[in-house]
Amino acid sequence: MQSGISRFTQIGDWIFEVKMVRALRVENYGEPYDAVATLTANGESMYIDTQLTRQHNELSREDCMAFYEFAKQLEMKQLQYDKLRNGERHSRNVEIVENQRPRAVVQLVNGNRFR
């Protein structure tokens, strides 16, 4: 697969923006897949709308890291999803650390350094 993707592509007078993506968990495209997710981009956030697996299993840590990497490559700052636990919905927000604005670095200087 390609390593760099862009959220915006210009062709002629048109700018195409990625807003919705369907993700399939499968080794080769065209083969039957065992999980599907729908992701929606809104501003600097990527929301995982749908998470369905064939055996109704939860998505693995590797699955979540794939979504994180995809959102990172689209230069998103946050990944959001809802998780059902005991019939209750719990919202999750994951900061994409690599895409956050750099914070100022403050370095303390020893007072004895300058005499």
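A few points about this structure:
- Solvent exposure of Tyr47, expressed as accessible area, is near 60 Å², computed with a probe of 1.4 Å over the protein chains only.
- Here the chain is treated with +1 on each Lys and Arg Cβ and -1 on each Asp and Glu Cβ, and its dipole about the Cα centre works out to around 720 debye.
- Residue-count net charge about Ala71 - beta-carbon cut-off 11 Å; Lys, Arg +1, Asp, Glu -1: -2
- Gyration tensor verdict on segment 6-93 (Cα atoms; rounded if a/c is under 1.5, prolate if a/b is larger than b/c, oblate otherwise): oblate
- For the chain, the longest principal axis of the alpha carbon atoms and the long axis of helix 61-73 meet at an angle near 70°.
- Rolling a 1.4 Å probe over the protein heavy atoms gives the chain an accessible area of 85 Å² per residue.
- Based on C-alpha pairs under 8 angstrom that are at least 6 apart in sequence, the chain has a relative contact order of 17 percent.
- Think of the chain as having a plus end and a minus end, set by charges on the Cβ of Lys, Arg, Asp and Glu; of Ile48, Asn99, Leu74, Asn99 sits farthest toward the positive end of this dipole.
- Accessible surface of the chain, 1.4 Å probe, proportion on carbon and sulfur as whole %: 50
The values are calculated or read from the model by the stated rules, or taken from the named source; none is laboratory data. Small disclaimer: the values here were computed from a predicted structure and weren't measured. We place every Cβ from the backbone using ideal geometry, glycine too, and count neighbours over all the protein chains shown. Keep in mind that these areas ignore ligands, DNA and RNA; they rest on the heavy atoms of the full protein, side chains included. Shrake-Rupley method; radii C 1.70, N 1.55, O 1.52, S 1.80 Å.
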